[in-house]
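Take a look at the structure set out below.
The values are calculated or read from the model by the stated rules, or taken from the named source; none is laboratory data. What you see is a predicted model, and the numbers here were worked out from it, not measured in a lab. Here the Cβ positions follow ideal geometry from the backbone for every residue, glycine too, while neighbour counts run over all protein chains shown.
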Amino acid sequence: MNNEKVYKVMRGTGGISIALGIVSIVIGVAVGVLTILNGARLLRSKSDLTF
């Protein structure tokens, strides 16, 4: 009876870990894409800068 409780907790923890991993990957890709786009925009507009 105690083993069943442990297996249920392990299954829940494993599911949460997988979900958090997927969310982390998606957030990382989104931040990377936004950084690349902002860098490209800055490089494109650098000729408009005057000091």
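Suppose we filter segment 11-36 for residues that are of a type in the set (A, V, I, L, M, F, W, C) and either touching a strand residue (DSSP E or B) at 6+ places or on another chain (Cβ under 7 Å) or modelled with pLDDT under 90 (or both); how many remain?
0
Condition first: modelled with pLDDT of 95 or more, within 11 Å of the chain's Cα centre (by Cα) and in a helix (DSSP H, G or I). Can you find one or more residues in segment 37-48 that meet it?
No, segment 37-48 contains no residue that is modelled with pLDDT of 95 or more, within 11 Å of the chain's Cα centre (by Cα) and in a helix (DSSP H, G or I).
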